[in-house]
Structure formats: C-alpha cells, structure tokens
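The values are calculated or read from the model by the stated rules, or taken from the named source; none is laboratory data. Keep in mind the model is a prediction, meaning the values are calculated, not measured. Ideal geometry is used to build each Cβ from the backbone, glycine not excepted, and the neighbour counts take in all protein chains shown.
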C-alpha cells in the first residue's frame, strides 16, 4: 500500500499543483520546479520524504524573501480562496502532499494560516491525524463525553432529529467537535456526511453542553430515503458515540 500511495506523487500531480501556483504567481517555473523535485533521489524516496522534497523545492522557486513569498499566495481574498480550494481539491487525491505543505506553511502568517486551514477542510473531516495535529486537535485522551442522546428513535421524512451531549476535559486542550449522519442512499447503500459543531479551547476541568437539531427535509442537493440511519459524534477526528434511528415515509 505505501508504494501505491507514494506513486501518486508523480509528474501529473506535481504539474497540477505547480500550475495552481503559477496561476497566482506567473514567474513560477513549472517544469524547472518539477525537474528539481523529481531528481535522481526521487525514485527511492518514501511517501513522506517525497512530500518534504516537494515543499523544499517549492521554496526555491518562490521569492527568496519570505514576506514576498507569502505575498504570492495571499495578495487578496479571492486569490487566497482560490489557492485554498486548489489545495483542498489536491488533498482528495494526494493527501500526503498537502500534509507536508501544511506543515511547512502553517504558523508563519495569518493569511497563509487561513489558506492552510481552508485548504485542509476535507482532510479535517476525514480525521487525518497529521492535519489535526497541525491545528492542535490531536488530544483525545483528555476529553470525556457524557449523556449522549438522540431523539426520537424514529422520525418521518421532513422532520428533525435532536441530539445532545456534554464534554469535560481533564487537561487544558483544544477540541474539534463534529457529528456525522450515516445516510441511507438509493438501493440501500450508506453514505456518511460530516457536519461541524464547534472548535474550542478549554481549560482544565471545563465542561460544555451541546444540543443540536438536524433536518431530514429534502434539499436540492440531498434526497432522503427511509431506513435505519446512524448519528455519530466525533471528537478530534475520533468517533466516540453512535446511535441508530429510523427514518420513515
């Protein structure tokens, strides 16, 4: 499996990324960057080493002054959003590349931090441990979950499901809370959709309680089907609670 993953960091993926950089920094030398990155050591590098090599060589082809280099990727909100969206798209097929870039870019500049966070949104929802750690959401042991309830046990299409819970932290920590719905899809297949609840920094022994409603009314982007669904609670990317409920016509 590692061999298959590392081989996804290839000429095509590097070219896709380099073109995204060139779109916001026209002097960027696409082919030179690729040639420098895919040097004589490339074939022997493992997945993470390839990601680091990409990050190092990226720095060689951006302006030498870091402030100027940051300007390449954050001169305006539209450009920042474009770069972040490109990163998010790339993360779906080449997650380790985006992980290594995030490690290199995060913590240097507020604008770049926004790009990295927005560009990693899919990896955050997938619970990528490296990405969660970059943003400080890697502490699982310090967070206790209690009183998780989902009501009612059965609803009709168009109605709401309600869930509630509380968390207590044993140590000061950052907490990212999400919930997922395992939807019944056409022909009985299941598909999980993740929704964010909160990102919060808590002090030792802090306690927080939450209650949320989730609608099962059809949308233009989502059609609901009857059957047994599940609601899961995610704490820092880890599934902590799960309750089934039924959706009827």
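Checking the stated criteria, residue 124 turns out to be part of a helix (DSSP H, G or I), touching a residue at least 40 places away in the same chain (Cβ under 8 Å), within 29 Å of residue 212 (Cα to Cα) and touching a helix residue (DSSP H, G or I) at 6+ places or on another chain (Cβ under 7 Å). For region 57-68, residues that are under 18 Å from residue 109 (Cα atoms), part of a helix (DSSP H, G or I) and modelled with pLDDT of 75 or more total 2. The residues of region 107-121 that are assigned to a loop (DSSP other than H, G, I, E, B) and free of Cβ contacts under 8 Å to residues at least 40 places away in the same chain, listed by number, are 107, 109, 120.
Residues checked against (1) farther than 16 Å from residue 20 by Cβ; (2) modelled with pLDDT of 95 or more:
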site	(1), (2)
77	yes, no
83	no, no
102	no, no
111	yes, no
114	yes, no
118	no, no
128	yes, yes
132	yes, yes
135	yes, yes
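Scanning region 7-33 for residues that are free of Cβ contacts under 8 Å to residues at least 24 places away in the same chain, within 26 Å of the chain's Cα centre (by Cα) and within 24 Å of residue 80 (Cα to Cα), we see that the one that is surrounded by the most Cβ atoms within 10 Å (Cβ to Cβ) is 18.
Residues satisfying the criterion are absent from region 164-173 (criterion: part of a strand (DSSP E or B), under 26 Å from residue 140 (Cα atoms), at pLDDT below 95 and in contact with a strand residue (DSSP E or B) (Cβ under 6 Å, 6 or more places away or on another chain)). Kindly check whether there is at least one residue in region 10-19 that is over 23 Å from residue 124 (Cβ atoms), at pLDDT below 80 and in a loop (DSSP other than H, G, I, E, B). There is no residue in region 10-19 that is over 23 Å from residue 124 (Cβ atoms), at pLDDT below 80 and in a loop (DSSP other than H, G, I, E, B).
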